[in-house]
Structures are given as C-alpha cells and as structure tokens.
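Trainee: My questions will all concern the structure given below.
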Amino acid sequence: MYSAWYIDPADSVEKPILPTGTVILASPAIEGVRAYGAIRDEQAGLQAAPYFVKSWTEEDPSVRFIMMQSAPLVVPYRPNASFKAKVL
C-alpha cells in the first residue's frame, strides 16, 4: 500500500501519487537493486546511506529521543516487467 501525496504545480492542490483503485503488479523478471538517497540531515553529512540513527535529550521532563532515518529507492532493472491497472 502506497499513500504518498504531492502538490500539483498546475493548480496547487494536494493529490495522491497513486489514485484510489490503482494497482501496480510486477513479475519476478523485474529484477533490480535497492538504492539509497541522501539522508536530509546535517549530522548525517547529507549523503546516501542505508540508514542514519541519532539521539538527543531534552530537559524538564528529562527524556531521550531516538530517531532512525532512511531513504530507500527500488531501482528496477527491467521496468517493462510491471504494469499499472485501475480497478473499477
């Protein structure tokens, strides 16, 4: 299930990337690799990595926060081994 949204530059309206009822299917022949985009964090050095973990504390009440960031991207070797369909 994919539920990301974007703002359409044509009309400045927020829209789903995949409209409701859209199905994407792929065969094992699609192959490919998992690539990683840059972690958008100064402490990570703004570079590509499988993941980046950081932690920090805040006082009153005392608490430690831990956050893990990742930017995976599946890059298909044979994109023609997939298709998109709209289910009515």
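Trainee: Please verify whether S3 is out of contact with any helix residue (DSSP H, G or I) (no Cβ under 7 Å at 6 or more places or on another chain), among the small types (G, A, S), exposed (fewer than 10 other Cβ atoms within 10 Å of the Cβ) and modelled with pLDDT under 90, treating the condition exactly as stated.
Mentor: Yes, satisfied.
Trainee: Looking at L46, L88, which one is more than 30 Å from P19 (Cα to Cα), at pLDDT below 90 and loosely packed, with under 12 Cβ neighbours inside 10 Å?
Mentor: L46
Trainee: With respect to A71, determine if the residue is modelled with pLDDT of 90 or more, in contact with a strand residue (DSSP E or B) (Cβ under 9 Å, 6 or more places away or on another chain) and not aromatic (F, W, Y).
Mentor: Judged against the criteria, A71 is not a match.
Trainee: May I pose another question? Return the residues of region 30-43 that are on the phi < 0 side of the Ramachandran plot and either charged (D, E, K, R) or surrounded by 11 or more Cβ atoms within 10 Å (Cβ to Cβ) (or both); say none if nothing qualifies.
Mentor: Within region 30-43, I30, R34, A35, Y36, G37, A38, I39, R40, D41, E42 qualify.
Trainee: Only residues that are in contact (Cβ under 8 Å) with a residue 12 or more places away in the chain, among the hydrophobic types (A, V, I, L, M, F, W, C) and part of a strand (DSSP E or B): list them for region 1-60, please.
Mentor: W5, V23, I24, L25, A26, V33, A35, A38, A48, F52, V53
The values are calculated or read from the model by the stated rules, or taken from the named source; none is laboratory data. Remember, predicted model here, so these are calculated numbers, not experimental data. Positions of Cβ are generated from backbone atoms using ideal geometry, with glycine treated the same way; all protein chains shown enter the neighbour counts.
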